[in-house]
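Any read-out appearing in this document is the output of simple, stated calculations on the displayed coordinates, not a laboratory observation. As the structure is a prediction and not an experimental result, all values here were calculated from the model. Here Cβ is always computed from backbone atoms with ideal geometry, including for glycine, and neighbour counts include all displayed protein chains.
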Amino acid sequence: MKTTLEVIKVCPVPGCEAVYHYCPKSNTKCLDCGGNIMQINEETYIKKFKNNWFQYDFRTGQYYRAI
């Protein structure tokens, strides 16, 4: 379960499209391209980003795959 300090954020930069799970609210930069990332809710994640290849666990830097 995610806390209010650990959220899902996405990078809207075309060609990057990284998704970060467990990302601190204070982080605003993409680790892949340096662009600004934005917070999304779980419903938006499921509708638009669930099958995205570039998903990361922000805490570990490892690929994230939902079970």
> Cα-based Rg (one decimal) and Dmax (whole number) for the chain, in Å?
Replying inline: 10.7, 30
> Cysteines of the chain lacking any other cysteine beta carbon under 4.7 Å?
Replying inline: Cys23
>> Take Asn41 and Thr60, extend 7 Å from each Cα along the Cα→Cβ direction, and tell me the distance between the two endpoints in nm.
In response: 2.9 nm
